[in-house]
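The values are calculated or read from the model by the stated rules, or taken from the named source; none is laboratory data. All figures in this text were calculated on a predicted structure; none of them were measured in a lab. Here Cβ is always computed from backbone atoms with ideal geometry, including for glycine, and neighbour counts include all displayed protein chains. These area figures cover heavy atoms from the full protein model, side chains too; ligands, DNA and RNA do not enter into them. Shrake-Rupley method; radii C 1.70, N 1.55, O 1.52, S 1.80 Å.
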Amino acid sequence: MAKQYATFAGGCFWCMVKPFDETPGIESVLSGYTGGHVVNPTYEQVCSETTGHAEAVQIVYDDDLYSYEQLLSIYWTLIDPTDAGGQFYDRGESYTTAIYYHNEEQRQLAERSKADLEASGKFDKPIMVKILPASTFYPAEDYHQYYYKKNPMHYERYSVGSGRRAYQEHHWGNKHE
């Protein structure tokens with residue numbers, strides 16, 4: 001197994017786990033916080049918008065079974081890449097989007113993927129997703145991990161109520177429910 005890491009911020013991390021978790025070749029998808037200046041932040045601290053962290057997922061995957069390019073393809077369908085102020089119902093720095101690369105190859109692939117999306121004409125506004133070097137990833141509290149499995153009814157209501165599901169269906173079809 002060629003174990004690799006991919007880290008993506010895309011708004012509420014609850015909604016970022018399921019599409020990756022149900023993909024062959026994915027070992028784990030951990031919800032957490034990254035990109036800020038506070039060591040071991042709590043959910044409350046991150047939500048206070050004072051830590052500089054974004055909610056994110058860190059994916060451990062086997063790149064012999066699933067490529068980074070394939071992960072990027074899923075990522076784009078989970079977010080509104082034109083929104084720099086948060087995602088859907090969730091607003092603020094902790095809910096912004098970013099691709100955190102773990103090596104130079106990931107950086108290049110992320111930049112190319114972003115440029116391709118921009119050039120596709122799919123969106124009439126600029127793609128605002130930042131591409132940043134990965135930094136320390138702090139796992140979120142246990143109750144946030146695999147939230148869609150632990151609280152399926154609340155997860156479903158949140159996914160719909162936040163506007164994320166309707167956006168995905170409008171732009172990408174029913175690809176990643």
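Pick out which of Val57, Val17, Val160 has the largest mean-square fluctuation in a Gaussian network model of the chain, springs linking Cα atoms closer than 10 Å.
Sorting by GNM fluctuation, first place goes to Val160.
Quick check: at a probe of 1.4 Å, how many percent of the accessible area of segment 1-88 sits on carbon and sulfur atoms?
The value for segment 1-88 is 49 percent carbon and sulfur by accessible area.
Under a 10 Å cutoff between Cα atoms, tell me which one of Leu132, Leu71, Leu30 has the largest fluctuation in the Gaussian network model of the chain.
Comparing Leu132, Leu71, Leu30 in a Gaussian network model of the chain, the most mobile one is Leu132.
Give me the dipole magnitude in Debye, nearest 20, for the chain about the Cα centre, with unit charges on the beta carbon: positive for Lys and Arg, negative for Asp and Glu.
So the dipole magnitude of the chain works out to roughly 320 debye.
Consider the candidate values (1) 12.6; (2) 10.1; (3) 9.5; state which one is mean projected area of the Cα convex hull in nm² computed from the structure displayed.
(3)
Compare Asp62, Asp80, Asp116 in a GNM of the chain, Cα atoms joined below 10 Å, and give the one with the largest fluctuation.
Asp116
In deg cm²/dmol, rounded to 500, what helix-only [θ] at 222 nm does the chain give when every DSSP H run of at least 4 residues adds -39500 (n - 2.57) and the total is split over its residues?
-10500 deg cm²/dmol
Using the charge dipole of the chain (Lys, Arg: +1 at Cβ; Asp, Glu: -1 at Cβ; taken about the Cα centre), state which of Gln70, Phe123, Ile99 has its Cα farthest towards the positive end.
Phe123
For the chain, what is the relative contact order in percent, using Cα pairs closer than 8 Å and at least 6 residues apart in sequence?
Normalised by residue count, the contact order of the chain is 30 percent.
Please name which of Gly10, Gln108, Gly35 has its Cα lying farthest along the dipole of the chain towards the positive end, using unit charges on Cβ (Lys, Arg +1; Asp, Glu -1) and the Cα centre as origin.
Farthest along the dipole direction, towards plus: Gly10.
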